[in-house]
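Below is one structure, written out as structure tokens; comments come after it.
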Amino acid sequence: MSSSPSRQTLRGLATARGFVAGPVFVYRGDGDAPVPEYVVEEDEVVSLARAVTETKRDLENLVAALRERSVRGGERIFEAHLMLLEDPMIVSEAESRIRKDRLNAEAAVRRTVDKARELFARMNDPYLRERTRDLDDVERRILRALAGMGGGPRLELRTPSVIVANDLTPSETVLLPRDCVLGFAMNGGSTTSHVALLARAMGVPAVSGLGDVTGRVRAGDTVLLDGTNGTVTLNPSAAEIMEFRDLVERQMEITEEASLGYPAGTLRGGGEVKLEANLHPGVPTDDVMAHGARGIGLYRSEYLWFSLEREPTEDEQAAAYGEAAAFAASLGPDAAVTIRALDVGGDKAMRGISVREANPFLGNRSIRYLLSHRDVFRTQLRAILRASASGRVRLMYPMVSCVEELRGAAEVLAEARGDLDAAGVAYDANMRVGMMVEVPSAAINAAAFAKLVDFFSIGTNDLVQYVMAADRGNDSVANLYQPTNPAVLRLVRETVAAAKARGIPVSVCGESASDPVVGILWAAMGVDALSMPATYIPVISKLLSRLSRADLDELLAASAAPGDGASGGEVMEACRSWLAARIPDIGNIVL
Ligand code: PEP
Ligand code: MG
């Protein structure tokens with residue numbers, strides 16, 4: 001730890017948008033603390049057994065407490081930790097190290113867990129790699145119990161602070177007192193990290209991949225965290241702090257004003273671009289309602305699988321989808337939830353489902369997986385149909401790349417309907433069925449697909465990575481990941497045109513929908529809806545309220561002006577300049 005008083009700006013990955021100035025809470029955790037290692041004369045197996053029993057009891061209490069507080073999904077993290085404690089790879093292995101090597105219990109635990117950590121870290125599968133964080137958690141608990149400090153690591157956070165940490169384990173994030181979290185600044189971090197998901201869902205700014213931010217700050221230092229541009233400023237001047245606080249306040253005002261004034265997505269002079277929320281099981285829904293979302297444009301059903309760490313039963317699925325449909329109904333008379341069928345594989349690998357593949361992004365994922373596991377597909381479709389009885393459900397297929405997949409899916413859907421008919425279970429016979437357009441072949445051949453579905457939703461997260469051949473999660477090719485590259489724009493434009501020609505609605509549900517420049521450009525291209533994390537709705541809504549349909553046409557012309565030979569950055573700049581000229585006070589909206 002150093003105490004450099006000089007002003008410094010650290011650059012990292014913009015993980016969750018927003019600004020915050022505040023004191024830091026430095027969390028170093030104790031997982032990396034050196035553990036003494038010595039040879040013992042007595043058998044330490046008994047101490048270990050006692051510590052494990054205590055740890056189990058703590059975890060069971062936590063599960064019960066979280067259930068009581070209805071922290072949905074939180075208890076599953078600790079249930080997974082309880083299972084790790086049952087795993088012979090951990091406790092029995094540590095016992096045998098104590099016996100064989102006559103090691104002290106702490107060292108035996110450290111060596112055992114190190115071995116397991118190494119094993120997980122070598123896995124190809126990002127989901128399993130992320131599980132090393134669970135191992136860290138369990139190890140900390142046992143070590144603390146051995147040291148007579150049971151109860152697990154705690155973030156003793158009492159005043160609102162920016163959490164500065166190496167990375168946080170799942171249990172640390174779930175136990176955070178949410179009203180004290182101003183933002184996150186992390187040394188490490190990845191797109192699949194628990195912190196990234198939590199920050200976006202909570203609507204607090206986050207910057208990850210900062211290298212050594214923990215080593216550069218002291219508890220209580222004030223930092224300026226800019227999650228929009230991915231920077232953290234240490235030791236800012238008093239004037240800078242004032243200026244930043246002003247930004248934060250203006251951001252709050254914009255959010256409040258935009259949430260209250262008018263229906264989200266209304267254009268100046270009439271017309272609208274429907275603004276919807278992306279949601280997944282386990283995420284709080286308050287913001288969705290508060291920010292005026294007109295529906296759930298993307299419900300990522302795979303999170304049910306992730307949180308349970310197994311396949312949910314048909315009843316569990318029907319209950320979750322039914323809950324989402326009821327929530328959608330509370331958003332307005334014509335609001336619906338678009339439930340996307342299981343989208344696993346690629347960056348969403350899952351134990352028990354994903355198999356090792358040389359190139360998982362091009363492998364047996366999403367609709368391909370479902371069509372090769374028809375029982376899983378049919379069960380999910382029955383559950384979705386059951387929830388559709390409310391009339392608020394749309395079904396969406398992920399990663400469709402050829403029409404055979406739609407034909408195959410239609411067959412399974414017919415079977416699922418047949419199952420429910422035979423059992424006399426109600427469902428919406430008119431449920432709309434659509435597809436994600438996120439694979440270049442689907443966009444290129446959109447006119448053919450438009451004849452087979454009721455709606456399109458463009459998934460730019462994947463579309464951009466496949467068009468540009470640049471992994472969406474790989475920072476070293478981030479410069480190639482260009483949503484405004486002319487090749488991407490052409491595919492979006494043609495997809496929208498194909499939908500219009502056929503008279504079916506088209507939306508964008510990739511992260512770019514929430515970008516103040518790119519989201520507005522999609523609106524200019526004529527999409528009917530934009531779906532995004534709810535906390536991003538107010539800014540997009542405010543921007544749209546300042547633009548008429550004719551303005552959007554002009555923006556479209558401005559985006560085309562640099563020509564097909566332009567870089568993604570040049571197109572972006574052309575759009576940004578046009579917006580700045582048309583909305584002179586844009587600096588008060590997009591901070
Ligand atoms: C997308 O690819 O744009 C999308 C919305 O799906 P996901 O991010 O879940 O792959
Ligand atoms: Mg996708």
Along principal axes, Cα extents of segment 206-249, largest first, whole Å: 28, 22, 12
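Applying 1/(1 + (r/R0)^6) with R0 = 45 Å to the Cβ-Cβ distance of L85 and S476, what FRET efficiency is obtained, to the nearest 0.05? Provide the component values of the computation, followed by the final result.
Values: r = 38 Å, r/R0 = 0.83.
After rounding, the FRET efficiency stands at 0.75.
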Karplus-derived HN-Hα couplings along segment 576-587 (A = 6.51, B = -1.76, C = 1.60, θ = phi - 60°), whole Hz, x at Gly and Pro: 4, 5, 4, 4, 5, 6, 6, 10, x, 9, 4, x
In Å², nearest 10: area of W578 left accessible to a 1.4 Å probe: 40 Å²
³J(HN,Hα), Karplus 6.51/-1.76/1.60, whole Hz, each residue of segment 495-506, x for Gly, Pro: 5, 4, 4, 5, 5, 4, 4, 8, x, 10, x, 9
Approximate spin-label separation A501-R549, in nm, with each point projected 7 Å along Cα-to-Cβ: 2.2 nm
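Restricting attention to segment 380-465, which trypsin sites (Lys or Arg not before Pro) occupy a DSSP loop and are surrounded by at most 15 other Cβ atoms within 10 Å? Show your work: numbers first, answer last.
Numbers: sites: R382, R386, R392, R394, R407, R417, R432, K451; in loops: R392, R432, K451.
In loop regions of segment 380-465 (DSSP not H, G, I, E or B), the sparsely surrounded trypsin sites (Lys or Arg not before Pro) are K451.
Quick check: convex hull of the Cα atoms in segment 308-433, volume per residue, rounded to a whole Å³? Display every interim value, and only then the final one.
Numbers: hull volume 13.9 nm³, N = 126.
About 111 Å³ per residue, rounded to a whole number.
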Per residue accessible area in Å² of the chain, where ligands, DNA and RNA are left out and the probe is 1.4 Å: 41 Å²
For T15, solvent-accessible area (1.4 Å; no DNA, RNA or ligand), Å²: 20 Å²
Under 5 Å, built H, 5+ apart or other chain: amide partners of E272: L267
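Mind scanning K348/K451; K274/K451; K56/K348 and naming the pairs with a C-alpha gap bigger than 28 Å?
Details: K348/K451 30 Å; K274/K451 23 Å; K56/K348 30 Å.
Going by Cα-Cα distance, K348/K451; K56/K348 fall outside the 28 Å limit.
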Convex hull volume per residue in cubic angstrom - Cα atoms of segment 198-279: 142 Å³
Over segment 85-126, volume per residue of the alpha carbon convex hull, in Å³: 69 Å³
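Looking only at GluC sites (Glu not before Pro) in DSSP loops with at most 16 other Cβ atoms within 10 Å, what is the longest site-free stretch of the chain?
Longest site-free region, per DSSP loop and neighbour criteria: 358-591.
Rg to Rh for segment 393-444: what is it, with Cα atoms only and Rh by Kirkwood? If you can, show how the numbers build up before the last one.
Working: Rg = 13.0 Å, Rh = 12.3 Å.
Value, to two decimals: 1.06.
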Furthest towards positive pole of dipole, V376, G391, V355, structure part segment 350-398, Cβ charges: G391
P(r) histogram, all alpha-carbon pairs of the chain included - 10 Å bins from 0, percent: 3, 16, 25, 26, 18, 8, 3, 0, 0
Accessible-area composition of the chain, carbon plus sulfur, in percent [1.4 Å probe]: 52 percent
Charge tally in the Cβ shell below 14 Å around T233, where Lys, Arg are +1 and Asp, Glu are -1, T233 excluded: 0
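The values are calculated or read from the model by the stated rules, or taken from the named source; none is laboratory data. As the structure is a prediction and not an experimental result, all values here were calculated from the model. All Cβ positions, even for glycine, are placed from backbone atoms using ideal geometry, and neighbour counts span all protein chains on display. What goes into the accessible areas is simple: the full protein's heavy atoms, side chains included, and nothing from ligands, DNA or RNA. Shrake-Rupley method; radii C 1.70, N 1.55, O 1.52, S 1.80 Å.
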